[in-house]
Amino acid sequence: MDFDEARSVFCRPRTGPVAADPGATTPARRLRDAIEPLAMVTVWSDPAADESAAAGLDFLGGYVGGRASALGDVPGTVVAAAFAVFEPGLVGGLWDQARTSCPVADLAAMRERAGAAALRSVLDDVDEAGIDAVAATLRAALAPADLMGRPLVAGMTARQWPQDVHGRLWHATTLVREHRGDSHVAACVAAGLDGIEANILTELRVGFALLEYTATRGWPQEAMDAAIARLRGRGLLDGEALSAAGRRARDGIEEATDAAQQPLVDALGADLDGLVDTLGTWSEAVVARGWFPPDPYKRAAG
């Protein structure tokens, strides 16, 4: 899949009424939603496309290669475990393709360059001192973050902070994103869910139709059908929607994810609300540039 094809599929505005994501009002979730487009410019932006093309990678290869480079030169099974909600064979194959095309250290460097270049382009009219202050605030709050059971954020933490101010903003928002992502995977495992089941409960909670989002993660139809049957058997689905028990279960996962990020929220303290407003404004500029999907469901599902 090339970048133009990916954008044509995923970067279309949602038509019709949009249901509000019930988890978007907690402090931890508000922070996550505010930083998502900033962290993910390394997936959707023109600089990301240029860096991937130079490395001989397409859209998916660039995404997996760049993000997984934080883990080091590991087997594809490790990458699939960390990515969690993607079909393992797909992720493992894309990772092997990426590290064959490009040394892992170079994959990490190209991701950092893309993040810095994209944010520099989008935020060209924003005072760099203000950007640096936001990055510094996030960095200070992240410093004591517990890395236990969090492989992607641990890998990112091991990398040096970029010298470029826009690179530091990208690095900081990516650390926040991966901290929540790793925490969310742990919460799903603790709830007894596999990758497909976690996808299904998330998409239905956010507002997607059944399998509308899950089917984009590489899972074969028979595996998705089997997961639906398992969830119905456990009373978590009612037809093609969450049952009351399913909504309670998925809400519980969200609450556990938020709880795992509470130390970060506490560290930000009174700075949180203003920080979320600023980051949210910058993220909307990324969306307006076309470098992150405008669909609020895609943003909420992560």
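The values are calculated or read from the model by the stated rules, or taken from the named source; none is laboratory data. As the structure is a computational prediction, the values presented were derived from the model and not from experiment. With ideal geometry, Cβ positions are generated from the backbone for all residues, glycine too; neighbour counts draw on all protein chains shown.
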List pairs: first residue in the range 105-132 and free of Cβ contacts under 8 Å to residues at least 40 places away in the same chain, second residue in a helix (DSSP H, G or I) anywhere in the structure, Cβ distance under 7 angstrom, at least six positions apart or on different chains. GLU128/VAL165; ILE131/VAL165; ILE131/HIS166; ILE131/LEU169; ASP132/VAL165; ASP132/ARG168
Residues within the range 140-165 that are surrounded by fewer than 16 Cβ atoms within 10 Å (Cβ to Cβ) and assigned to a helix (DSSP H, G or I), tallied: 2
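Please specify each residue of the range 232-269 satisfying the condition of being charged (D, E, K, R), within 13 Å of GLY192 (Cβ to Cβ) and assigned to a helix (DSSP H, G or I). Lay out the reasoning, then the answer.
Of the residues in the range 232-269, the ones charged (D, E, K, R) are 232, 234, 238, 240, 247-248, 250-251, 254-255, 258, 266.
Then keep just the ones that are within 13 Å of GLY192 (Cβ to Cβ); that gives 234, 250.
Listed by number, the list holds a single entry, ARG250.
Applying the selection to the range 42-51, what residues are part of a helix (DSSP H, G or I) and in contact with a Ser or Thr (Cβ under 9 Å, 6 or more places away or on another chain)?
Looking only at the range 42-51, we keep the residues that are part of a helix (DSSP H, G or I), and these are 42-44, 46-51.
Those that are part of a helix (DSSP H, G or I) and in contact with a Ser or Thr (Cβ under 9 Å, 6 or more places away or on another chain): THR42, ASP46, PRO47, ALA48, GLU51.
Here are some residues: ALA215, ALA209. Which one is over 24 Å from THR174 (Cβ atoms) and either modelled with pLDDT under 95 or not in a helix (DSSP H, G or I) (or both)? Spell out how you get there, then give the answer.
On the way: ALA215 fails: either modelled with pLDDT under 95 or not in a helix (DSSP H, G or I) (or both).
On inspection, the qualifying residue turns out to be ALA209.
Touching an Asp or Glu at 6+ places or on another chain (Cβ under 7 Å), more than 22 Å from PRO37 (Cβ to Cβ) and surrounded by 14 or more Cβ atoms within 10 Å (Cβ to Cβ), is that true of ARG177?
Taking the combined requirement at face value, the residue does not satisfy it.
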Any residue in the range 245-252 that is touching a helix residue (DSSP H, G or I) at 6+ places or on another chain (Cβ under 7 Å) and among the acidic types (Asp, Glu)? no
Right, THR278: in contact with a His (Cβ under 8 Å, 6 or more places away or on another chain) and part of a helix (DSSP H, G or I) or not? no
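When you look at ASP225, is it assigned to a helix (DSSP H, G or I) and touching a Lys or Arg at 6+ places or on another chain (Cβ under 8 Å), yes or no?
On the way: assigned to a helix (DSSP H, G or I): yes; touching a Lys or Arg at 6+ places or on another chain (Cβ under 8 Å): no.
Criteria not met by ASP225.
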Residues (closer than 19 Å to ALA70 by Cβ and buried (at least 22 other Cβ atoms within 10 Å of the Cβ)) located in the range 118-139: ALA118, LEU119, LEU138
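Where in the range 52-129 are the helices (runs of 4 or more DSSP H), entirely inside, with at least 1 residues that are touching a His at 6+ places or on another chain (Cβ under 9 Å) and small (Gly, Ala, Ser)?
Numbers: elements: 59-68, 76-83, 88-101, 104-122.
Hits in the range 52-129: 104-122.
So if I check each of GLY246, GLY280, which one is surrounded by 15 or more Cβ atoms within 10 Å (Cβ to Cβ), over 19 Å from ARG180 (Cβ atoms), of a type in the set (Gly, Ala, Ser) and touching an Asp or Glu at 6+ places or on another chain (Cβ under 9 Å)? I'd like the intermediate steps shown before the answer.
Numbers: GLY280 fails: over 19 Å from ARG180 (Cβ atoms).
Result: GLY246 is the single residue among GLY246, GLY280 that is surrounded by 15 or more Cβ atoms within 10 Å (Cβ to Cβ), over 19 Å from ARG180 (Cβ atoms), of a type in the set (Gly, Ala, Ser) and touching an Asp or Glu at 6+ places or on another chain (Cβ under 9 Å).
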